[in-house]
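Only one structure is covered here, and it is reproduced in the block below.
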Amino acid sequence: MNAAIIDMILNKRMEIDGLWSEEIADYKSTNRAITPYMREQLNNEFLSLLFNHISQGDISADGTLERFFDKVLRANMPLEYLTQGLQSFRRIVLEIITEEDIQKDAAFETYREVDRWMDPILNSVVENSSRLWERTVSIQKSALLELSAPLIPVFQHISVMPLIGTIDTERAKLIMENLLEGVIQYRSQVVLIDITGVPVVDTMVAHHIIQAADAVRLLGSTCILVGIRPEIAQTIVSLGIDLSLFPTKSTLQKGMAKALEITNQQIVNEK
Amino acid sequence: MRIPILKLHEYLLITIQVELDDQTALQFQEDLLNKIHDTGAKGVVIDLTSVDMIDSFIAKVLGDVVRMSKLMGAQVVLTGIQPAVAITLIDLGISMREVPTALDLEQGLDKLQLELEG
Amino acid sequence: MDIQSCVEVCNEWDIVSARQLGRNMAKELGFGNVDQARITTAISELARNIYLYAGSGKICLEPVEQMGRKGLRIIAVDNGPGIRDIRKVMEDGYTTSGGLGAGLPGVKRLMDEFTIDSTINSGTEILATKWLR
Ligand SMILES: Nc1ncnc2c1ncn2[C@@H]1O[C@H](COP(=O)(O)OP(=O)(O)OP(=O)(O)O)[C@@H](O)[C@H]1O
Ligand SMILES: [Mg+2]
C-alpha cells in the first residue's frame, strides 16, 4: 500500500480507535463470565491486529488471525463482532482518508487499495468460522450418537439400556456395540432394553432390536424388552414381527421384577 | 494341533486358545465326542474367550458339536463369546438360538448344574 | 503399504494365512476391534469358498482411498467352475456343500460394498470393501 496512506492511517490511530470502539460496543458475549475489562482487552487486541496488518503487511497467513478468531469465538462473542468490526474499521479508515484533501482519482485508488487490503482478512474470517462450525457439528453429531445409548448398571448383574429417539442402521450398530461392551464390563446377566422412548417401531427397528437381543444372548446374557406401549404391540403384531423368542414386558417395573427373578435376587424391606 | 479337554467331576472343560483352522476344529469335534463316550460326562463347557473370529464353518462345527453331544447325553454350554465375534455372527445370520451360552466358565458351570438338576 | 498383498489359496492352511494378513492390515489401517473381526471373517468365508468350490485361487487385499475416505478392499479371484445363479447363492441358507449357506450373503452384510462377477467354466471374482468409520 501507498506509504503516504499508511502513514496517514497510523497517525490517526487515536481517532480511529475512538470511533471504532463506539461502533462495535453493542456486540456482547452471550457468556456472562466475560467482563467489560475482558471485552476491552479483546477490542484492543482486535484493533492492534488490524493496525499490524497495515503497518507490517498481510497477516492473514501467519496464524495470528486464526488464534485471535479462535479466542473470540471461544469467548462466545457473536460472529458479527468480527464481521462488523472489520466493516466498521474499513468505513472509518475510508472516511478519515477522504476527509483529507486528496484528488478524485487518488481517492478512488485509495478505496480500491483499502478494499484489496481487507479482503484476505474477511476471507480468513469466513473460512475460520465455517471450519469451526463444521467441527462443532461433527463433534456434536458423534457425541449425540454415543450418548444416546448408554448401558446403565442398576443392580448386581442387571443393566438397563433406555433407547430414545429413532433408530436408523448407523445408530443400531452403535447401540449394539455399546450394549455388548457394557454387558462384558458390568458382567450383566440380564439386560433390559427399554423402548418407551422409541416413537416408531417398524419392521426395520424390530429387526435391529431382535439382532441386538440375539447378540446379547450369544455373550451369555439375557435380554428383556420392556416399554411396549399398546400401539407398538399393535404394529408389531400386524407387521407379523416375531418377538416371541425373548421375554417382553409392558413396563420397566415388570421387566425388573423378572430380571430379579432370573438372577435370583430380591428387594427386601428392612424394618 | 489338538485342543486339550479337561475333566472335572462329571463335566468336561475346554478352553480354546489357538487360532481355529478347519482341521483343528474337526479334530476337536471327534476328540470331544470320544471323551464324552469314555467318561460318561453329563455336561461340557467350551470357553471361547480367546477366540477372535468365528466364521460360518466354525459356527457349523460348534453347532454340530452341541447337537451331537446332546445325542450322547451331554449338555454343552458355550461361554466367553466376545462382542466382536457375536456381532459378526449376527451379520452372518447365525444366531445359534438353540445353543446354551453363559458369560464365563463359572456361570457356564452354574448353568449346567441348574439344567441337569431341573 | 499402498500396494496389494496377496495370498494364494490352495489348502486349508492358506485360509488361516489369508485371514491373518487381513487382521494385520485392518489393524494397521486403524479399523476398530469389531470391524477387524468383520473383515477377518469375510476373508475367511471367501477363502474357504475358493478352496471348496474352485480348488485354488487367491485373496488380495489393498488399502483404498476415495473422496477422503480410507478403506480396505478384498479381492477374491479363482478360475473355478463359476457360479450359475448369482441371485440364488446370495440367499441366506443356500448351499451345495451341506454348509450353512451363510458365507456369501454374510460377506455382503459384513462389508460396506460387495460385487460379484462370475463366468461359467471360467471363474469368479468378488470385490468387497470396508470403509473406515
Ligand atoms: N468361488 C466360488 N466358485 C463357485 N461356486 C461358489 C463359489 N463361492 C460360492 N459358490 C457357491 O455358492 C454357494 C453359496 O456359498 P456360501 O459361501 O454362501 O455358502 P456355503 O459355502 O455353501 O456355506 P457356508 O459358507 O455357510 O459354510 C456354495 O454352496 C457354492 O455352490
Ligand atoms: Mg461358504
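Quick note: the coordinates plus some simple rules give every number you see, no bench work behind them. From a predicted model like this one, the values you see are computed outputs, not experimental measurements. Using ideal geometry, Cβ is built from the backbone for each residue, glycine included, and neighbour counts are taken over all protein chains shown.
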Practice task
Express the C-alpha Rg of the range A:9-106 as a ratio against the empirical globular expectation 2.2 N^0.38 Å, rounded to two decimals.
Solution key: 1.16
Handout entry: Average other protein chain Cβ within 10 Å of Cβ, residues A:209-219
Key = 6
Practice task
Excluding residues fewer than 8 places away in the same chain, name every one of the lysines whose C-alpha is closer than 18 Å to that of C:LYS130.
Solution key: A:LYS173, C:LYS27, C:LYS70, C:LYS108
Completion exercise
Rounded to one decimal in nm, the spacing of the 7 Å Cα→Cβ label points at A:GLU99 and A:ASN52 is 2.7 nm
Exercise for the section: Any chance you could give the angle, 0 to 90 degrees and rounded to 10, that helix B:56-71 forms with the longest Cα principal axis of chain B? Expected result: 20 degrees
Practice task
With springs connecting C-alpha atoms under 10 Å apart, model chain C as a Gaussian network and identify which of C:THR41, C:THR115, C:THR96 has the largest mean-square fluctuation.
Solution key: C:THR96
Exercise for the section: Per residue of B:92-102, count partner chain C-beta atoms within 10 Å of its C-beta, then hand back the mean as an integer. Expected result: 5
Completion exercise
GNM on chain B, Cα springs under 10 Å; top mean-square fluctuation among B:LEU26, B:LEU62, B:LEU92 goes to B:LEU92
Exercise for the section: Would you calculate the separation in nanometres between label points at B:GLU106 and A:ALA3, each defined as 7 Å from the Cα along the Cα-to-beta-carbon direction? Expected result: 8.5 nm
Exercise for the section: Tell me the GluC sites (Glu not before Pro) within the range A:191-271 that lie in a loop according to DSSP and have at most 11 other beta-carbon atoms within 10 Å. Expected result: A:GLU270
Fill in the blank from the handout: Taking every C-alpha to C-alpha distance in chain A and binning by 10 Å from 0, the per-bin percentages run 6, 22, 18, 10, 11, 13, 11, 7, 2, 0
Exercise for the section: Starting from the range B:1-62, pick out the trypsin sites (Lys or Arg not before Pro) whose DSSP state is loop and whose Cβ has at most 13 other Cβ atoms within 10 Å. Expected result: B:ARG2
Practice task
Give the peptides C:61-74, A:149-162 in descending order of average Cβ contacts within 10 Å, highest first.
Solution key: A:149-162, C:61-74
Exercise for the section: Assuming R0 = 25 Å, can you tell me the calculated FRET efficiency for the pair C:LEU132 and A:VAL126, based on Cβ-Cβ distance, to the nearest 0.05? Expected result: 0.25
Practice task
Would you list, by chain and number, the lysines whose Cα falls below 27 Å from the Cα of A:LYS71, excluding same-chain residues fewer than 8 positions away?
Solution key: A:LYS28, A:LYS141
Handout entry: Isotropic mean projected area of the C-alpha convex hull, the protein assembly as shown (nm²)
Key = 38.1 nm²
Problem - Computed FRET value (nearest 0.05) for C:ASP112 with B:GLN27, which takes r as the C-beta separation and R₀ as 41 Å - result: 0.70
Problem - Fully extended contour minus Cα-Cα distance, from A:SER138 to A:LYS271, at 0.36 nm per residue - result: 42.6 nm
Problem - Choice from A:SER130, A:SER244, A:SER21 showing the highest fluctuation, given a GNM over chain A with Cα pairs closer than 10 Å - result: A:SER244
Problem - Part-to-part distance (alpha-carbon centres) for the range A:150-219 and the range C:11-29, which is given in Å - result: 31 Å
Handout entry: Residue-averaged [θ]222 nm for the protein assembly as shown, counting only DSSP H segments that reach four residues, each worth -39500 (n - 2.57)
Key = -17000 deg cm²/dmol
Practice task
Under 17 Å Cα to Cα from B:LYS70, which aspartates and glutamates show up? Leave out anything in the same chain fewer than 8 places away.
Solution key: B:GLU10, B:GLU30, B:ASP31, B:ASP38, B:GLU98, B:GLU115, B:GLU117
Fill in the blank from the handout: Cα extents of chain C per principal axis, largest first, Å, are 38, 26, 24
Handout entry: Peptide C:10-18 - average C-beta neighbours from other chains (10 Å radius)
Key = 3
Handout entry: Isolated Cys residues of the protein assembly as shown, judged by Cβ distance under 4.7 Å to other cysteines
Key = A:CYS223, C:CYS10
